[in-house]
Amino acid sequence: MSRTDILIIGSGVAGLSVAIKMAEQRQDINITVLSKTLESETNTSWAQGGIAAVWNLEKDDHQKHIEDTLVAGDGLCDPEIVRFVIEEGPTRVKELIEWGARFDKEDDGRFDLGMEGGHSENRILHYKDITGKEIQRTLSAKAKSYNNIKVLEHLYAVNLITQHHLGRNLTRLSNDIECYGAYVLNKETNEIETLLAKATVMCTGGSGQVYLNTTNPLIATGDGIAMVYRAKGRLANMEFVQFHPTALFTTTNENPDFLISEAVRGFGGILKTPGGEEFMQKYDERLSLAPRDIVARAIDNEMKVSGEEHMCLDCRHLDQQEFLEHFPNIYEKCKSLGIDPFVDMIPVVPACHYICGGIKVDAYGQSSIKHLYAAGECTCTGLHGANRLASNSLLEGLVFGDRIAQSVLKEINHLKWNEDIPDWDAEGTSEPNELVLLHQSWKELKSIMSYYVGIVRSDIRLKMALNRLHLLFLEVEELYNNSKISPQLCELRNLITIAYLITRGAQMRKESRGLHFTIDHPNQFDYLETTLM
Ligand code: FAD
Ligand code: SIN
């Protein structure tokens, strides 16, 4: 059993921001940050386009960014959350710059602000097309400068510890659930350790690996959302899965799919059919720069109607020198596959990219479970509503990181460890000898979600998905209850929970809104969140 004052599960933009903002103010508390693989293996590291923040006050203002976020969110954003994220965002980005983050500049020294879908002004700060890597580098270096932040790699959080582990029967109606830390699998020793914490912060990122095609790295298995669901915490809006319109189409089934940043369309790239015809005029007057839900559905529809395997992004008319300066990584990737963006159109398909729903938290990241906070992509804060505006995610991670730090530090002196927590009970389990079953179930799960719960949904598809998921759930639970735990088994189990939550949320929402489009309920009816019990 080990103890830390603060346990942060996740080392991306959200987790490291919480840690740094706490350590800045208190050097006398222990802050432990967990990564299930390497510290830098995060969704954060993969971010391309950049971070949206109102910067050029001659042209832009907070109100415009607020409006753009609300419009993209299609009636489901919480206006107060949107307001403070956008107002506090530029201060958080300035801090990031003070900590060493580089963003591209124009010749006159002003920031080169990019444009992405749904934004009415150029306001995306970026570092070439590898902004996420730069942010991850900056945060990791800053975190290292504090002696009281320990980043531990290859530690896999399995479950949150609550009164359930003291023998109490908790239900979703229990309103006094408390979190005492987490059971954590040490991947080097293969033992499950009890990690007690006075406050725990869930920052485990997204769950894109639940679909066949995703831009999310392999770590994005929805662990935090599933852990909170098992602990009977509140979740919301899980049906709103964002498909990025332009992942690079390949015939080699790469996982993850390589992203062709929306910033390329912001730079002038135009969506076309493989035959070279523009089609976005049929769907939205903002053409290739309409919000993501609209563009992804348009591409999906064009592919279905024409039977083509992909659509294309035409960049052949763009200034080559400037393209290379802005998108060196994208250019290199295309070239490595024999695609020359100045000669060929880039083949693109939509791919699962982001989950707008998740752990329901308040304006200070407090979840429905006491002493449990959450930040970043695993949360539902109210910022994104039914569809996230491009480049608002990194911003959300920074702003909520700061707010959680403020809030936790106010109560930390009054909190104690719960010393009665029992060790993990592994009795009756044995080494799994049929690992191949895990791979097969994972493949089935991804197929179910991709074919039945994708960009366009229907009642019958959702029902068929739930029937199939139920079977998978029973099989994997049996495996889990009898096997010695491994990260692969836990991830599969968590993804089955995520799949259930997305599908059930989609079934409950009898309307089409934002990222959730169903042919059986094409109109909009209410403005409620879906809460999953
Ligand atoms: P992550 O950065 O994903 O970090 C998750 C952490 O949790 C990791 O350290 C992981 O090891 C840890 N973890 C997970 N489960 C466990 C467990 N069980 N035990 C221990 N640790 C665990 N957003 C933008 O705003 N702008 C962009 O330009 C942009 N581009 C993107 C491009 C791509 C290709 C992708 C995939 C996403 C992009 N996004 C972008 C979205 C954005 O990158 C993510 O939403 C954001 O980085 C999530 O940050 P996070 O801190 O919540 O999670
Ligand atoms: C992109 O660069 O297109 C991704 C931006 C985002 O997901 O916010």
Being within 15 Å of ligand 1 (Cβ to nearest atom) and closer than 22 Å to LEU515 by Cβ is the requirement here; does ALA263 meet it?
yes
Tell me whether the range 306-324 contains one or more residues that are under 22 Å from GLY12 (Cβ atoms) and in contact (Cβ under 8 Å) with a residue 40 or more places away in the chain.
no
Where a residue in the range 409-420 is farther than 11 Å from ALA197 by Cβ and its partner, wherever it lies, is β-branched (Val, Ile, Thr) and open to solvent by less than 100 Å² (accessible area, probe 1.4 Å), with Cβ under 7 Å and at least six apart:
none
Across the range 392-412, what is the number of residues that are near ligand 1 (Cβ under 8 Å from one of its atoms) and open to solvent by 10 Å² or more (accessible area, probe 1.4 Å)?
2
Tell me yes or no: at least one residue of the range 120-130 is touching a residue at least 60 places away in the same chain (Cβ under 8 Å) and not in a loop (DSSP other than H, G, I, E, B).
yes
Residue check, HIS154 within 29 Å of LEU492 (Cα to Cα) and either touching a residue at least 12 places away in the same chain (Cβ under 8 Å) or of a type in the set (A, V, I, L, M) (or both):
yes
Across the range 112-148, what is the total count of residues that are surrounded by 20 or more Cβ atoms within 10 Å (Cβ to Cβ) and away from ligand 1 (no atom under 14 Å from the Cβ)?
1
Tell me, which strands (runs of 3 or more DSSP E) wholly within the range 254-355 include 2 or more residues that are open to solvent by less than 20 Å² (accessible area, probe 1.4 Å) and within 25 Å of THR69 (Cα to Cα)?
346-355
Out of LEU185, LEU196, LEU160, report the one residue that is open to solvent by less than 10 Å² (accessible area, probe 1.4 Å), within 23 Å of LEU34 (Cβ to Cβ), more than 15 Å from ligand 1 (Cβ to nearest atom) and assigned to a strand (DSSP E or B).
LEU196
Closer than 17 Å to GLU121 by Cα and either free of Cβ contacts under 8 Å to residues at least 60 places away in the same chain or within 16 Å of ligand 2 (Cβ to nearest atom) (or both), is that true of ALA296?
no
Could you tell me which residue of the range 116-143 is nearest to the chain's Cα centre (by Cα), considering only residues that are more than 10 Å from ligand 2 (Cβ to nearest atom) and acidic (Asp, Glu)?
GLU134
Specify the residue that is farthest from ALA290 (Cα to Cα); the eligible residues are those in the range 380-415 that are in a helix (DSSP H, G or I) and either touching a Phe, Trp or Tyr at 6+ places or on another chain (Cβ under 6 Å) or within 11 Å of ligand 2 (Cβ to nearest atom) (or both).
SER407
Tell me the residue from VAL408, VAL456, VAL436, VAL476 that is of a type outside the set (S, T, N, Q) and under 26 Å from ARG297 (Cβ atoms), please.
VAL456
Is it true that GLY222 is within 16 Å of ligand 2 (Cβ to nearest atom), of a type outside the set (Val, Ile, Thr), farther than 17 Å from ASP425 by Cβ and crowded, with 24+ Cβ neighbours inside 10 Å?
no
Hey, any hits in the range 115-127 for a residue that's more than 18 Å from ALA390 (Cβ to Cβ) and among the hydroxyl-bearing types (Ser, Thr, Tyr)?
no
Tally of residues being touching a helix residue (DSSP H, G or I) at 6+ places or on another chain (Cβ under 8 Å) and within 14 Å of ligand 1 (Cβ to nearest atom) across the range 356-390:
19
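The values are calculated or read from the model by the stated rules, or taken from the named source; none is laboratory data. This is a predicted model, so every value here is computed, not measured. Don't worry about glycine lacking a Cβ; one is built from the backbone with ideal geometry, like all the others, and counts go over all protein chains shown. Accessible surface is based on the protein model in full, side chains and every heavy atom, while ligands, DNA and RNA are left aside. Shrake-Rupley method; radii C 1.70, N 1.55, O 1.52, S 1.80 Å.
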